[in-house]
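Engineer: A single structure is presented below for examination.
No lab work stands behind these numbers, since they all come straight from the coordinates. Remember, predicted model here, so these are calculated numbers, not experimental data. All Cβ positions, glycine included, derive from the backbone under ideal geometry; neighbour counts span all protein chains shown.
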Amino acid sequence: MLPAQMVQMMDTSYDNDPLTQIRQSTYGNPAYTETAYTETIYSASTRTSYISEKSEKRYTPDIRLAIEEYKDEYPDGISFAWKSVGYTIFNSKTKKKQNIVTGCSGIVHPGEVMAIMGPSGAGKSTLLDILAGRKDQKMVSGQILLNGAPGEVKHVSQYVMQDDALMGVLTVRENIQFAADLCFPPYVAPAERSYRVQQIISEFGLDAVADNKIGTVFVRGVSGGEKRRASIASQIITLPKIIFLDEPTTGLDSAAAYNIIKSIVFMARRHKITVIASIHQPSTETYSLFDKLCLIGKGRTLYFGDRESATTYFEGLGHVCSPYSNPADHFLRLINPDFMLDKIEAEKTINSFINSYDQSKTKANTLSEIRSIAKSSVIHRFSSRQKNSYARGFVDQTYFLTARSFKNAMRNILMFWIRVAMYVCLAILMGITWWQVGFNQDNVQDRFAAHFFSIAFLAFMSVAGIPGFLEERLVVTRERANNFYSVGPYVLANTIISIPFVMIIAASFTAVAYPMIGLHSGFDHALIFYLYLFLALIVAESMVVFISAIIPIFVASLTLVAFANGFFMVVEGFFVRRDKIPKALKWAHYIDYQKWAFEGIIRNDFYGLDFNCEPIPGSSGKYHCLHGDLTGNSSTFTGKDVLDSYGYTEIQLVKWALALVGLTLAFRIGFYIVLRLKKITN
Ligand SMILES: Nc1ncnc2c1ncn2[C@@H]1O[C@H](COP(=O)(O)OP(=O)(O)OP(=O)(O)O)[C@@H](O)[C@H]1O
Ligand SMILES: [Mg+2]
């Protein structure tokens, strides 16, 4: 039996251990010997990851080494300790150093979940950031110990961000699958990745909604709590040894908050993960799920230890918590200066809690526990895999991103289908207005106008892509902070994916407008018109993402894109002839994509057409011509005469198209540079 089939066969209920199930399903099969089983499946202890036998044969020595490291790294989880940590900033107002967090110590073991609690501004987020290694090390003091030895916490942990940046049009499973595809190294086979996705969906209690969309303004999606769980699941899919969460329950009702913490506790126990979460006002039920409590006030530890012992500790200080009240509320009320009217008294109270804790047996026990683990530890060999390196290579990243963007665009009504409908409506309107434009000399101007509007209007409408892009950008920022992929593959995928959609838009417009207006007949002319429209739209699209990346605020980027398009129309050389454009704006004429596209399509249309002059009444055989032979002897003039008389003598279709390709590249490279320069923190 293939591992893939095996994986599909497996039940992923909470109670059954997947390893046991594989054992059961493989032992019964004579083709699957014990050796094959051991070779096929490895488990980094409770980190269950499965590697197919077939795929393992392909591994290069480097990858094999990586697998070994993956296997050996902390099989029993990490006891995470921090000793006298502090964070000092330089206050530019007072010109003095200011301690935000001072002398905090604590220890959390694998499978345990710790809550950091305290009033607003106490330093919860700061402490969490210090522990997660996210703060500038120059300002941090103290020690962080992994199984008793100093180590790089970022290599073994994941910081879960608060915002639920998930793709709204994708389902819960698709979002988590995407994270799995990018976060697992290539030697974890697709079937194994899907298995992990199913497993984490079950662990987070998301089975019932796994194939529901997250939700957008158009589609009602999963509930807030489910969304938050999906977001957390997608960020910890690789089961890091330590997980940090900053207020994972903020904005949710108490039942949803309870479910989230319950799932996290379940994950922690099952996979021996060490979890540290800052939390705001938990309900009694949620509070009782935590193993450890770290209460802080004014950046100092007021209590650190078992959650259960906290009540006794505060009782010892004379603050009895009534059996009917929520211990979390009780502690927060005790230490929150905002509840105290007399500020001097409040200061005294907090200081007394700080002193009591400093002299307490609880603190002494914690410190001795940290010391003992430090003594017993062996120096751990760290994985060479850097946290800021990616699990997947450039090609894989581009592939997964392109596949997701494709799905997103296909389903995102905002981003694409509304636009197609809009362009078709516009094409019909233009077709009616310019219906069979004709070949009289009066129609020359009409033709110019039809070409101008085809380009200008279509380009203008590309602003419709801004909301979709900005929505995607939020997700991309979060994913980049989580090291899912780098900028290059994202920009490439974004470019690749825009091509078929712009092709559809340009094709639907051309198919309707071109025959209705009655432009130059012949398939080749229609095709060139289409290609130019396509190129112009690709540049317009590239300009939209470039500008929206610089200013990711909807109203601002909308205004700026509209301004740029309006400006390009003015200097295009249609309203004002090229030689009349002020010298100071000539540069803009040459970087104006609308100019290159407009000139390309008028060259395509006018060359080869003949226009009728106006017969002069009363004269026999004399004509009034606006272009060409002005002596009155000719009854027609050519399209080339028209373009020559307007100074469009040098248009070359290939070169002009290349100019559009060049502008696309310029905007796309600009887009890449902007994203690279924008600081992403995690
Ligand atoms: N870089 C900094 N510069 C100046 N003050 C800072 C800086 N970092 C933190 N602080 C201050 O330190 C205190 C602790 O901030 P922190 O964000 O850790 O609080 P918190 O406990 O997470 O609060 P909340 O519950 O509101 O999220 C706050 O008063 C904050 O203004
Ligand atoms: Mg905070």
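Engineer: Taking the Cα atoms of the range 607-651, report the difference between the largest and smallest coordinate on each principal axis, in whole Å and largest first.
Structural biologist: Largest first, the range 607-651 extends 39, 16, 11 Å along its Cα principal axes.
Engineer: At what distance in nm do the modelled label points of residue 372 and residue 665 sit from each other, each positioned 7 Å from its Cα along Cα→Cβ?
Structural biologist: Calculated label separation equals 6.7 nm.
Engineer: From the residues 75, 546, 116, which one has its Cα farthest along the dipole of the chain in the positive direction, the dipole being from +1 and -1 charges on Cβ of Lys/Arg and Asp/Glu about the Cα centre?
Structural biologist: Result: 116.
Engineer: Follow-up. Could you line up 486, 462 from fewest to most neighbouring Cβ atoms inside 10 Å?
Structural biologist: Placing the least packed residue first, the sequence is 486, 462.
Engineer: Ratio of alpha-carbon Rg to the 2.2 N^0.38 Å globular estimate for the range 436-594, to two decimals, please.
Structural biologist: 1.20
Engineer: Could you tell me which residue out of 302, 264, 630 lies farthest along the dipole of the chain toward its positive end? Charges go on the beta carbon: Lys and Arg +1, Asp and Glu -1, centred on the Cα centre.
Structural biologist: 302
Engineer: Specify the inter-centroid distance of the range 504-527 and the range 532-605, based on alpha-carbon positions, in whole Å.
Structural biologist: 22
Engineer: Tell me which chymotrypsin sites (Phe, Trp or Tyr not before Pro) from the range 455-499 have a DSSP coil assignment and no more than 16 other beta carbons within 10 Å of their own.
Structural biologist: none
Engineer: Using the Kirkwood radius over C-alpha pairs as Rh, can you work out the diffusion coefficient of the chain via Stokes-Einstein at 20 °C, viscosity 1.002 mPa s, in µm² per second?
Structural biologist: Stokes-Einstein gives a translational diffusion coefficient of 72 µm²/s.
Engineer: Mind listing the Cα extents of the range 211-343 along all three principal axes, in Å, largest one first?
Structural biologist: 53, 34, 29
Engineer: In addition: Using only the alpha-carbon atoms of the range 544-646 as identical scatterers, what base-10 log of I(q)/I(0) does the Debye formula give at q = 0.14, 0.20, 0.22 Å⁻¹?
Structural biologist: Taken in order of the listed q values, log10 I(q)/I(0) reads -0.71, -1.00, -1.08.
Engineer: Semi-axes of the equivalent ellipsoid for the range 81-228, please: Cα gyration tensor eigenvalues, times 5, square-rooted, ordered largest first, whole Å.
Structural biologist: Equivalent ellipsoid of the range 81-228: 37, 21, 14 Å, largest first.
Engineer: Nearest 20 debye, what's the magnitude of the dipole of the range 607-651 about its Cα centre given +1 on Lys and Arg Cβ and -1 on Asp and Glu Cβ?
Structural biologist: Value, rounded to 20: 160 debye.
Engineer: A follow-up question, please. Let me make sure I get this right: for the range 466-544, a, b and c are the square roots of the gyration tensor eigenvalues over alpha carbons, sorted descending. Under 1.5 in a/c it's rounded, otherwise prolate if a/b > b/c, else oblate. Which is it?
Structural biologist: Cα axes put the range 466-544 in the prolate bin.
Engineer: On to the next question. Pulled fully out, how much extra length does the chain show between residue 410 and residue 207, if you take 0.36 nm times their separation in residues and subtract their Cα-Cα distance?
Structural biologist: Gain on stretching residue 410 to residue 207: 70.6 nm.
Engineer: Tell me which DSSP H helices of the chain clear both cut-offs, 18 Å or more of axial length from alpha-carbon atoms and a mean Kyte-Doolittle hydropathy of at least 0.0.
Structural biologist: 254-271, 418-433, 443-461, 487-517, 523-550, 554-570, 653-677
Engineer: Give the separation of the Cα centroids, the range 70-146 to the range 289-338, in Å.
Structural biologist: 20
Engineer: Here is a further query. Compare the Cα positions of 317, 186, 254 along the charge dipole of the range 179-328 (+1 at Cβ of Lys, Arg; -1 at Cβ of Asp, Glu; about the Cα centre) and return the one farthest towards the positive end.
Structural biologist: Result: 186.
Engineer: Pull up the DSSP beta bridges for the chain and report the antiparallel fraction as a percent, rounded to 5.
Structural biologist: If I count the DSSP bridges inside the chain, around 65 percent turn out antiparallel.
Engineer: Sequence gap at least 6, Cα distance under 8 Å: using those rules, report the relative contact order of the chain to the nearest whole percent.
Structural biologist: It comes to 12 percent, rounded to a whole number.
Engineer: Label point 7 Å out from residue 578 along Cα-to-Cβ: which residues of the range 642-675 have amide N under 16 Å?
Structural biologist: Under cut-off, by backbone N: 642-660.
Engineer: If you put +1 on each Lys and Arg Cβ and -1 on each Asp and Glu Cβ, how big is the dipole of the range 212-326 around its Cα centre, in Debye rounded to 20?
Structural biologist: Computed charge dipole of the range 212-326: roughly 500 debye.
Engineer: Next up: Under a plain spin-label model, where a point goes 7 Å from the Cα along Cα-to-Cβ, how far apart in nm are residue 496 and residue 655?
Structural biologist: 3.4
Engineer: Right, next: Which of 496, 116 has the fewest other C-beta atoms within 10 Å, and how do the rest follow up to the most?
Structural biologist: 496, 116
Engineer: Return 361, 622 ranked ascending by Cβ neighbour count within 10 Å, so the fewest neighbours appear first.
Structural biologist: 361, 622
Engineer: If each of residue 138 and residue 270 carries a label point 7 Å out from its Cα toward its Cβ, how far apart are those two points in nm?
Structural biologist: It is 4.4 nm.
Engineer: Here is a follow-up. Please get the size of the charge dipole for the chain, origin at its Cα centre, with Cβ charges of +1 on Lys and Arg and -1 on Asp and Glu, quoted in debye to the nearest 20.
Structural biologist: The dipole magnitude comes to about 1920 debye.
Engineer: Sticking with this one: So which trypsin sites (Lys or Arg not before Pro) in the range 137-220 pass both tests, a DSSP loop state and at most 10 other Cβ atoms within 10 Å of the Cβ?
Structural biologist: Passing sites in the range 137-220 are 220.
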